[in-house]
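In what follows, a structure is listed as structure tokens, so that the remarks can point back to it.
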Amino acid sequence: MWSRIWSYRVSYLFIAPFMLVFLAFIVIPVVMTAGLSFTYYNGIEPPRFIGWSNFQYLISQDLLFLQYALPNTFKFAIVVGPGGYAAGFVLAWLISLLGKRLRKWVALAVYAPSLTAGTAMTIIWLPLLSGDRIGYLNSFLLNQGLISVPKLWVTDPHLLMGSMIVVSLWSSMGVGFLAMLAGILNVDPQLYEAGRIDGIRSRLQEVWYLTIPSMKPQMLFGCVMAIVTTLKTGQIGVELSGQNPTPQYGGNLIVNHIHDFGFIRYEMGYAAAISVFLLLLMYASNRLSWRLFGTRDE
């Protein structure tokens, strides 16, 4: 075995930079987080082992987590994850029907919001969703007679989640969208010709029977990216409302809960336990994605 390893030493040298970075910034932090999740650690005193207490408190006694962070995260993820994923595929398919020159500009226009989400928050969304009469959305609705008083779109706990979902969907066309567009464009045109000979008569049948099966790797990648991006989202509610925590915890997600205990209360051990729970939730979601779009050879 050692002789075989030595014979491939040049190959290992090439992958060494990636492996070192992967170990330093992924593997070691995950292992340390898992270890800290079984301790009480406040950032000053040495960690003190307390066993499963953090997890027991999380799933049975933490009312902020059980009543707000967890339900809000599921509500947000169920709408933004599948919604953004489906919208990304539909837009990618529609863009693939355009001419080559026009296609690249439309794809850039759709992809751009994911690159400028921070700037757009200040320039577009905060003025649009302002809760006074001069907010663009309130002003339009008042002038049309659709509402009689301004709506507090980002400070009302009952409306904040809807605002977060809309903003997230607008900026969700990221690398997953580009991967699906590339997958659609790389489908062999001869498949469509063979499909027409075999009886396919509509675009919808082409998409269902030919396009999607031919681009399963890209579909899987887009699905994983949608899950990870959605579940790790946390700051959008704070940015929209300008409050941390959000008004009556109406926009608090699991990531906000981690930030609260880790960097405000300095209960690092408990924050690590919440992080492990979120990691397991992401893993379960990704396994479901593999069951839907993966193959035995992947």
Exercise for review: Determine, yes or no, whether residue 132 is more than 23 Å from the chain's Cα centre (by Cα) and either surrounded by fewer than 12 Cβ atoms within 10 Å (Cβ to Cβ) or aliphatic (A, V, I, L, M) (or both).
Suggested key: yes
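Which one is nearest to residue 46 (Cα to Cα) among residues in segment 231-279 that are among the polar types (S, T, N, Q) and either assigned to a helix (DSSP H, G or I) or over 17 Å from the mean Cα position of the chain (by Cα) (or both)?
Top of the filtered list is 275.
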Point to revise | All positions within segment 186-217 that are over 19 Å from residue 95 (Cα atoms), in a helix (DSSP H, G or I) and small (Gly, Ala, Ser) | key: 194, 195
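Here's the yes/no breakdown for (1) hydrophobic (A, V, I, L, M, F, W, C); (2) assigned to a helix (DSSP H, G or I); (3) under 25 Å from residue 248 (Cβ atoms):
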{"site": "69", "(1), (2), (3)": "yes, yes, yes"}
{"site": "79", "(1), (2), (3)": "yes, yes, yes"}
{"site": "88", "(1), (2), (3)": "no, yes, no"}
{"site": "95", "(1), (2), (3)": "yes, yes, no"}
{"site": "126", "(1), (2), (3)": "yes, yes, yes"}
{"site": "130", "(1), (2), (3)": "no, no, yes"}
{"site": "142", "(1), (2), (3)": "yes, yes, no"}
{"site": "145", "(1), (2), (3)": "no, no, no"}
{"site": "148", "(1), (2), (3)": "no, no, yes"}
Study note, to complete from the structure: Result of the Cβ filter at 8 Å on segment 71-89, keeping first residues that are surrounded by 14 or more Cβ atoms within 10 Å (Cβ to Cβ) and partners that are among the small types (Gly, Ala, Ser) and modelled with pLDDT of 85 or more, at least 6 apart or interchain, is 72/250; 72/251; 76/168; 80/168; 84/168
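Residues are listed down the side, and each one gets a yes or a no for (1) free of Cβ contacts under 8 Å to residues at least 60 places away in the same chain; (2) buried (at least 17 other Cβ atoms within 10 Å of the Cβ):
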| residue | (1), (2) |
| --- | --- |
| 226 | no, yes |
| 234 | yes, yes |
| 240 | no, yes |
| 248 | no, no |
| 251 | no, yes |
| 264 | yes, no |
| 276 | no, yes |
| 289 | no, yes |
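The values are calculated or read from the model by the stated rules, or taken from the named source; none is laboratory data. Please read these numbers as outputs of a predicted model, since none were measured by experiment. Virtual Cβ from ideal backbone geometry, glycine too; neighbours counted across all protein chains shown.
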